[in-house]
Amino acid sequence: MVPYLDVQHLTKTFGALTLFRDISFSIGEGQKVGLIAKNGTGKSTLLSILAGKEGYDAGDMVYRRDLKVGFLEQSPTFDPEESVLDACFNHHGEEEKVLKAKQVLTQLKIGNLQQPMGQLSGGQQKRVALANVLLTEPDLLILDEPTNHLDLEMIEWLEGYLQRGNRTLLMVTHDRFFLDRVCSVILELDDHTVYTYRGNYAYYLEKRQERIDNRRAEIARANNLYRTELEWMRRMPQARGHKAKYREDAFYELEKVAKQRLEERQLRLKSSNIYIGSKIFECQYISKKFDDVVILKDFYYNFSRFEKMGIVGNNGTGKSTFIKMLLGEVPVDDGRIIIGETVKFGYFSQEGLQFNEQQKVIDIVRDIAEYVELGGGKKLSASQLLQYFLFTPEQQYNYVYKLSGGERRKLYLCTVLMQNPNFLVLDEPTNDLDIVTLQILEEYLQDFPGCVIVVSHDRYFMDKVVDHLLVFKGNGVIKDFPGNYTQYREWASMEDSRDYRESRESRDSRETNKPSYRHDDRRRLSYKEKREMEQLEKDIEALEAEKKQIEEALCGGTTSVDEITAMSKRLPVLNDELDEKSMRWLELSDIEH
């Protein structure tokens, strides 16, 4: 494997704050690397350093000679006067490049290529920046939250785009489906250092837990020995004067290990003090449109008590507008929405909350409430809620202006929860939150005894939290689906296959109904279709043999980690190919018989 980037002993500090110290790692040709860390620990800073946008205190970075690096920043900036097409690259009139740009921008739902960048929303600008990076075809892609502001269709397209070929990339993303399907190496930035896991996200979760368990056992052993050595150190100096100096040195090294504190997983936060009546809300045949764009048309829905609903759909189909109508922020055109008397909304919006930069974190939350009643005589203080969402006691007394973007989103979430609502409405809550915080939020919502509506493009998050979906398809069409996102995708895939078969059958029916001079009116396979069927049989046999070989290797216990990773990524692709070819063979077989 050709080394593209080698990082040795890299250190970065901001005043008294150390982001990382003496970290080393490397990225080789063709590797797809995901970087995971908690908010505020330096993920975006590290990417900026690697892209040459920011300096560092110590260490070395060695790139392969003439390596071309493409960098997608979290918040890119453009000349507001230049057009979308000019913002992508200086094409110099090369038609092939312009055509490619149009194709990529179309996939990212950017239609007007002559529109000035200043007229685009922040999300649209991020998509143009993503197109820009992809079009320059760099040797190494460095991507900071590439799935932010993408809808599900765009995310799945980008997933496929990055999986194809021998692309090399390093990215930060909170999208765990995306990580699992795209990345073959995970770097975890934790406690100022970097840990490398040579596998996808699922492999990382397993091995990370092993690392934590081993470290915990090491600290426990050090504590047992520390007590013995501490007793010896406390004796009169005369009593140990003849002892070897190395034992004193070893004691201080042992003390460092024994006094380490691993961040313990938070207890699940459960409340029994939330009450919500049986009447939640009812949409009585509501309609809404903006000019010629239909958002809702005669939509009826009666929301159930304790329901946890997910809302999905492409950008521009009206998801956020529906939420704002429910909350009374946007009026309906026709119909009405009736809200139950006991409902108390807690709304987490995409836009976020504007904080007083000079206030301390703890004061922001205390301004809402000092504590929340959990029931059973238990209370949750503002400080405890912040600590539950991973604000250390020291961080709670930081000023807001010191917080990273992800930490601000996390603080905003705490201000919503501190209001003690019984109906949570969360519009894209996963944007900019780190994976550890997402896991905590998932548990909180799973245990939440009220109602929940989540608008999100995070498929992993939706699967964990919701039990019901409204799918906004555009033009006022809404699909009511009783299940989570993965179940919906499986159903939709089956529907697509059924529609395809029906389309073929309808076309075949039209063909067979045409006047014919043959005595047997049944359609026969053409010569080309017969050859296709023979090739399909060979392909299916080869794919099944490969599948059996992979499954035996995975169960054999002698396969290397790199081979397991490659096989784990190949197996779902292989299954998809088998399904597709088998379906086509069945279609031809039906015609033949």
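The values are calculated or read from the model by the stated rules, or taken from the named source; none is laboratory data. Predicted model, so just to flag it, every value in this text is computed and none were measured. Neighbour counts are summed over all protein chains in view; Cβ atoms, including those assigned to glycine, are modelled from backbone coordinates with ideal geometry. Heads up: the accessible areas ignore ligands, DNA and RNA and are worked out on the full protein's heavy atoms, side chains in. Shrake-Rupley method; radii C 1.70, N 1.55, O 1.52, S 1.80 Å.
Can you run phi through the Karplus equation (6.51, -1.76, 1.60; θ = phi - 60°) for the range 372-386 and list ³J(HN,Hα) in whole Hz, with x for Gly and Pro?
Residue by residue, the range 372-386 yields 10, 6, 9, x, x, x, 8, 10, 10, 7, 4, 5, 5, 5, 4 Hz.
In the range 1-98, how does Rg compare with the Kirkwood Rh, expressed as the Rg/Rh ratio over alpha carbon atoms?
1.05
Taking the Cβ-Cβ separation of Asp333 and Glu282 as r and a Förster radius of 22 Å, what is the calculated FRET efficiency to the nearest 0.05?
For R0 = 22 Å, the calculated efficiency reads 0.80.
For a paramagnetic label modelled at 7 Å from the Cα of Arg489 toward its Cβ, which residues of the range 146-165 fall within the zone defined by backbone nitrogen distances under 15 Å?
Once the point is set 7 Å along Cα→Cβ of Arg489, 147, 151-163 turn out to lie under 15 Å by backbone N, inside the range 146-165.
Could you list, in their original order, any pairs among Lys270/Lys308; Lys38/Lys126; Lys379/Lys410; Lys100/Lys288; Lys38/Lys378 whose Cα atoms are separated by more than 25 Å?
The answer is Lys100/Lys288; Lys38/Lys378.
For the range 282-324, restrict the atom set to alpha-carbon positions and state the Rg and Dmax in Å.
When restricted to Cα atoms, the range 282-324 yields Rg and Dmax of 11.4, 36 Å.
Under a point spin-label approximation (7 Å from Cα along Cα-to-Cβ), what is the Asn214-Val573 distance to one decimal in nm?
Spacing of the two 7 Å Cα→Cβ label points: 3.0 nm.
Of the peptides 97-109, 434-446, how do they stack up when ordered by the mean number of other Cβ atoms within 10 Å, highest first?
So the peptides 97-109, 434-446, ranked by packing, come out 434-446, 97-109.
Quick check: convex hull of the Cα atoms in the range 42-165, volume per residue, rounded to a whole Å³?
Looking at the range 42-165, the number lands at 130 Å³ per residue.
At a probe size of 1.4 Å, how large is the accessible area of Lys344, to the nearest 10 Å²?
Rounded to the nearest 10, the figure is 100 Å².
Can you pull the percent of Cα pairs in the range 307-447 with separation above 28 Å?
It works out to 23 percent of all Cα pairs.
Average projected area of the Cα convex hull of the range 176-221, in nm²?
Mean shadow area of the hull around the Cα atoms is 3.3 nm².
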